[in-house]
Amino acid sequence: MKASAKIICLVLSVVLLSALFLTPAAAEPAATGRTPVRVSACVAGDNGRTVGFCWYTAEKADSVVTLFDESGAVVRATLSDPVCEEWEGMWMHKVTASALPENAQLTYTVGDGSSTVTGTVKTGRADDTVKFIEIADVQASSAENFEKGAATLNAAFETLPDFDFVANCGDFTNDSTNEEWDLYDASFGEMNRTYLLAPVSGNHDGFGVANWFNNMFNLDTRESVQTKNGVNYSFDYGNAHFAVLNTNDCLNVSKPQLKWLKNDMNSTDKDWKIVFIHKSPYTLGKDGKWPDALQLQKTLTKVCDETNVDLVIGGHDHQYLRTKPLTGNKLDPNGVTYLLSGTAGSKRYEIREFLAEHFMPKAFIDALVVQKDGYGNYWNGSDWRSTDERNIGGCYNTVQIEGGKLTLNAYIFGDQSHESMPIDHLELTKKTGENKITFTGDNTTSKFAYAAGSVASYVSLAVYAFTNWLPRFLALVPELIYSVAVYDTF
Ligand SMILES: [Fe+2]
Ligand SMILES: [Fe+2]
C-alpha cells in the first residue's frame, strides 16, 4: 500500500473510531417489542393480598401475570380479566391478582408469558402492625433529578428495610409526558419492582391530558368518585385503615368525595385511620396562599374530625411541616395531626412566613423544616434555626404502627452527605378497640350525583374564595410583591 493510501486509511480509521466513541449514542427507546416497562404493583386490597399490576409494552402483547412462592411453586391466585389498551403510542396492561397468601414473600413475572420481567412483592400479616414509607413530590423532568429522588427512596429502604408498602403522595413527574414517565422508570423502575405501592395523584400527574395517572397504575376504582385525573380508594393494613384522596377533583376535593371519605372512615373499626392526600391544608409554602388550601382547612378537616382520623399525610408544597393535633382548626391534644411531607425530589420551596398571619397560625406548627438553603432551616417553635448545608436534600418519612402506638420519623437524605439525617419524630398512642363501624351501605357515587355535587362544590369554592380567601389574599399583596423581588416567584 502506498504511503498516501496508508495516511488516508489512518485518517478514515480515526474518524470512524471517533464517530463510534465520541458521538453520543442515540437514545434507546424506552420500550422495545413486548418487553414490559413501567412495571408497578399497587395495593388494591386489604393487607396487600390483592395487588394491581400495571406495565407497558411497545408492541401489542398478551397480559400475563404469574406469581411464585419462596419455593418457586406457582401461587394459586385469582387473576382478573387482563386489560391491554393502546395509550399514548404504547400498550398498557393491567391484571389484578387477589386471594394471595398472607405473610408471603412472592416473586412475580409480568409480560406475555415469553417476554417477561420479574419483581417481588410482600403480602401482609394478620396482626396489628404495619410499617410504611412515605415520599412525595419527586416532580422531576430531568434524569439527574429523577436519580436524586430514587436515591432518597433507596435511603428510605435502608432506614426501614422491613416496610410493608410505600405511599407516594403525588407529583411523580413535572409534566406527565411519555418522556418523563420513561425517565421516572429509568431511575425508579428496578426499585419499583420490589415493593407494593399506594400512589396518590398529584396535580402534576394528570393535568393537561386526562388519565395519565389512572393509566400508570392499576388501582381499585370501584368507589372512586372521579377517574379522569386521579383515583380515591381505601384499604386496610394491620390495624390501620387508609383512605387515599384525589385533590385533582374540583380543584381539591368535591362534596361527593368528602361524602365518600366520611362513609369510608365510618365503615372501618380499625384502630388507626390515616388519610393520604396530595394538596395539604396546612402549609407555609408558596401554594398556601390559594383558596384550595384554605378550603381544605374548612372541609376536609371537618370530615377528619367527625370520623376520628389520626393522621393526614400530604405533599404539594415541597417543604416539611407537621401540625400539632387540631380539631375544628383549633389546638386539641386529641385532634388530627396534619403532615406536609417534604419533597423527595430537588424542587424545594422557601417558607412564606407571612402566610402564617392570615392562612395558618404559627401556633399550629410542631415541626417545620426547610430543605432549601437561604432562609433558616427549621422552626423551633419560636424562631428560625439554621443547619449546615449537609442537611439539605430529599425528604422521606417512615411510619410504624404496633397496636396502640404510632411512630413517625422524618429524614432528609443529604445531597452532599449522602446520609439520612433525622429531622422529626412523633409518637401517638391510643386506646385500641374504640372505633365502631357506623356505615355499611353502598359507597359508590352515580355520575349524576357526582356532576351535581361537583357543581355545588365549585359554587361553594367560588363563594368561599370571594368572601373568605380574597380579603386575606389582598392583605398579602405587599409581601407577594416582596416575594417576587426576592424569590422571583410568588
Ligand atoms: Fe409538587
Ligand atoms: Fe402538587
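Residue by residue, here is whether (1) more than 16 Å from ligand 2 (Cβ to nearest atom); (2) surrounded by fewer than 21 Cβ atoms within 10 Å (Cβ to Cβ); (3) under 19 Å from residue 215 (Cα atoms) holds:
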residue: 81; (1), (2), (3): yes, yes, yes
residue: 100; (1), (2), (3): yes, no, no
residue: 107; (1), (2), (3): yes, yes, no
residue: 122; (1), (2), (3): yes, yes, no
residue: 130; (1), (2), (3): yes, no, no
residue: 147; (1), (2), (3): yes, yes, no
residue: 151; (1), (2), (3): yes, yes, no
residue: 165; (1), (2), (3): yes, no, no
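Of all residues in the stretch 390-407, exactly one satisfies the criterion of being among the charged types (D, E, K, R) and touching a residue at least 60 places away in the same chain (Cβ under 8 Å), namely 402.
Total residues in the stretch 192-213 satisfying the condition of being assigned to a loop (DSSP other than H, G, I, E, B), within 16 Å of ligand 2 (Cβ to nearest atom) and in contact with a helix residue (DSSP H, G or I) (Cβ under 7 Å, 6 or more places away or on another chain): the figure is 2.
Of the listed requirements (1) within 16 Å of ligand 2 (Cβ to nearest atom); (2) among the hydrophobic types (A, V, I, L, M, F, W, C); (3) over 20 Å from residue 134 (Cα atoms), residue 313 misses just one: (3).
The criterion of at least 1 residues that are modelled with pLDDT of 95 or more, over 26 Å from the mean Cα position of the chain (by Cα) and within 30 Å of residue 132 (Cβ to Cβ) is met by the following strands (runs of 3 or more DSSP E) wholly inside the stretch 11-92: 64-68. For the stretch 175-202, a residue qualifies if it is under 13 Å from the mean Cα position of the chain (by Cα) and buried (at least 22 other Cβ atoms within 10 Å of the Cβ), and the qualifying residues are 196, 198, 199, 200, 201, 202.
Applying the criterion of being β-branched (Val, Ile, Thr) and over 18 Å from residue 135 (Cα atoms) to the residues of the stretch 324-339, the residue that is farthest from ligand 1 (Cβ to nearest atom) is 327.
The rows are residues; the columns are (1) in contact with a Pro (Cβ under 8 Å, 6 or more places away or on another chain); (2) under 26 Å from residue 249 (Cβ atoms); (3) in a loop (DSSP other than H, G, I, E, B).
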residue: 436; (1), (2), (3): no, no, yes
residue: 444; (1), (2), (3): no, yes, yes
residue: 462; (1), (2), (3): no, yes, no
residue: 465; (1), (2), (3): yes, yes, no
residue: 480; (1), (2), (3): no, no, no
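Using the structure shown, decide if residue 487 is more than 30 Å from residue 128 (Cα to Cα), of a type in the set (Phe, Trp, Tyr) and outside the structural domain of residue 296 (by TED's automatic domain parsing). Yes, satisfied. Per the listing 77, 126, 155, the residue uniquely aliphatic (A, V, I, L, M) and free of Cβ contacts under 8 Å to residues at least 60 places away in the same chain is 77. One residue alone among 107, 152 is assigned to a strand (DSSP E or B) and of a type outside the set (D, E, K, R), and that residue is 107. Number of residues in the stretch 166-217 that are within 16 Å of ligand 1 (Cβ to nearest atom), within 24 Å of residue 108 (Cβ to Cβ) and of a type in the set (Val, Ile, Thr): the value is 1.
For every residue, the table says whether it meets (1) at negative phi; (2) under 24 Å from the mean Cα position of the chain (by Cα); (3) hydroxyl-bearing (Ser, Thr, Tyr).
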position: 325; (1), (2), (3): yes, yes, no
position: 333; (1), (2), (3): yes, no, no
position: 346; (1), (2), (3): yes, yes, yes
position: 380; (1), (2), (3): yes, no, no
position: 429; (1), (2), (3): yes, no, yes
position: 433; (1), (2), (3): no, no, no
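Within the stretch 176-227, the only residue that satisfies the criterion of being over 20 Å from residue 46 (Cα atoms), in contact with a Lys or Arg (Cβ under 8 Å, 6 or more places away or on another chain), of a type in the set (A, V, I, L, M) and touching a residue at least 60 places away in the same chain (Cβ under 8 Å) is 216.
Can you name every residue in the stretch 333-357 that is among the β-branched types (Val, Ile, Thr) and either assigned to a helix (DSSP H, G or I) or within 16 Å of ligand 2 (Cβ to nearest atom) (or both)? Before you say what the answer is, go through the steps one by one.
Kept after step one, since they are among the β-branched types (Val, Ile, Thr), are these residues of the stretch 333-357: 336-337, 343, 351.
Answer for the stretch 333-357, where residues must be among the β-branched types (Val, Ile, Thr) and either assigned to a helix (DSSP H, G or I) or within 16 Å of ligand 2 (Cβ to nearest atom) (or both): just 343.
Kindly indicate whether residue 140 is assigned by TED's automatic domain parsing to the domain that holds residue 232 and either within 16 Å of ligand 1 (Cβ to nearest atom) or under 28 Å from residue 210 (Cα atoms) (or both). The answer is yes for residue 140.
In the set 401, 392, which member is assigned by TED's automatic domain parsing to the domain that holds residue 238, more than 16 Å from ligand 1 (Cβ to nearest atom), of a type outside the set (Gly, Ala, Ser) and at pLDDT 90 or above?
401
The values are calculated or read from the model by the stated rules, or taken from the named source; none is laboratory data. Note that the structure is predicted; figures quoted are calculated from it, not measured. When we count neighbours, we look across all protein chains shown, and the Cβ atoms used for this are built from the backbone with ideal geometry, even at glycine.
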